[in-house]
Amino acid sequence: MAEAAGVPAESLAGCRARAARTVLDQVVLPGEELLLPDQEDGDGPGGAGERPLRLNAAARSRGRVVCGPGLRRCGDRLLVTKCGRLRHKEPGSGSGGGVYWVDSQQKRYVPVKGDHVIGIVTAKSGDIFKVDVGGSEPASLSYLAFEGATKRNRPNVQVGDLIYGQFVVANKDMEPEMVCIDSCGRANGMGVIGQDGLLFKVTLGLIRKLLAPDCEILQEVGKLYPLEIVFGMNGRIWVKAKTIQQTLILANILEACEHMTADQRKQIFSRLAES
């Protein structure tokens, strides 16, 4: 009975394992195990020429594989943790591997190390600021994590200020930690955002779309009005124009462009340019 019960479980595991080349730009589900065709092993669960993606020394010799959002490294395997479309970006050297991630539509942000986000200072506890980044818990920000900050020269940060920074610690078992300096100790645009302007929230998919190198939306928006704009990977956008009316128009355009086609955007931008 034990052997008979084990057969369906093995066949079910084989059904969950899918080749990455056949599901690129298609929907993947949490719990699926990725298979790569360039890692040949006839005895693997994927059949001849395929086996589960292994991230050991042998796999790295063929090309480095980077796990992006929606994927998790579990030992020497790569598992899907989000529901969405599987994406892949080839490395510049063309030696195999590359970056794999799951492109999904969601509003809740999960901190990721290296992400630049916009946060709101909610409290000050000793030498640490508590910053709301839209995650499950606030992030910590030290007063020394600013350019030129010392014990005598402390930054002027008040509760309610907007902070643009990046994560240096983002672990599911630890409190997220932010800094407002890069690896060279320079602010590089990070720090306290100005008091004026408008902060609004959009989906994480729209943020990635606006930050794409081939995005035409920002170029079209920049032709309408002079503006200052800050994007946070946590789904927050801060924008400032010369007048309040222009700021509100820009915010409405950015919120609506997620579900508009290119022709619809051109019509709206032409009307605003004429007015």
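Numbers below:
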{"read-out": "Scan of the range 145-186 for residues that are out of contact with any Asp or Glu (no Cβ under 8 Å at 6 or more places or on another chain), part of a loop (DSSP other than H, G, I, E, B) and among the acidic types (Asp, Glu), ordered by number", "value": "Glu147, Asp161, Asp173, Asp182"}
{"read-out": "Hits in the range 190-206 - residues which are under 20 Å from the mean Cα position of the chain (by Cα), surrounded by fewer than 18 Cβ atoms within 10 Å (Cβ to Cβ) and either assigned to a helix (DSSP H, G or I) or of a type in the set (S, T, N, Q) (or both)", "value": "Thr203, Gly205"}
{"read-out": "Some residue of the range 214-221 being touching a Phe, Trp or Tyr at 6+ places or on another chain (Cβ under 9 Å) and not acidic (Asp, Glu)", "value": "yes"}
{"read-out": "Cross-chain or 6+ apart pairs with Cβ under 9 Å, the range 215-233 first and in a strand (DSSP E or B) and acidic (Asp, Glu), then open to solvent by 40 Å² or more (accessible area, probe 1.4 Å) and at pLDDT 90 or above", "value": "Glu228/Gly197; Glu228/Lys240"}
{"read-out": "Number of the condition not met by Ser136 [criteria: (1) at pLDDT below 90; (2) under 20 Å from Pro69 (Cβ atoms); (3) surrounded by 14 or more Cβ atoms within 10 Å (Cβ to Cβ)]", "value": "(3)"}
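The values are calculated or read from the model by the stated rules, or taken from the named source; none is laboratory data. Values in this document were obtained by computation on a predicted structure and should not be read as measured data. For neighbour counting, all protein chains shown are included, and Cβ atoms are generated from backbone atoms with ideal geometry for every residue, glycine included. When the accessible area is computed, the model is the full protein with side chains, heavy atoms only, and any ligands, DNA or RNA have been set aside. Shrake-Rupley method; radii C 1.70, N 1.55, O 1.52, S 1.80 Å.
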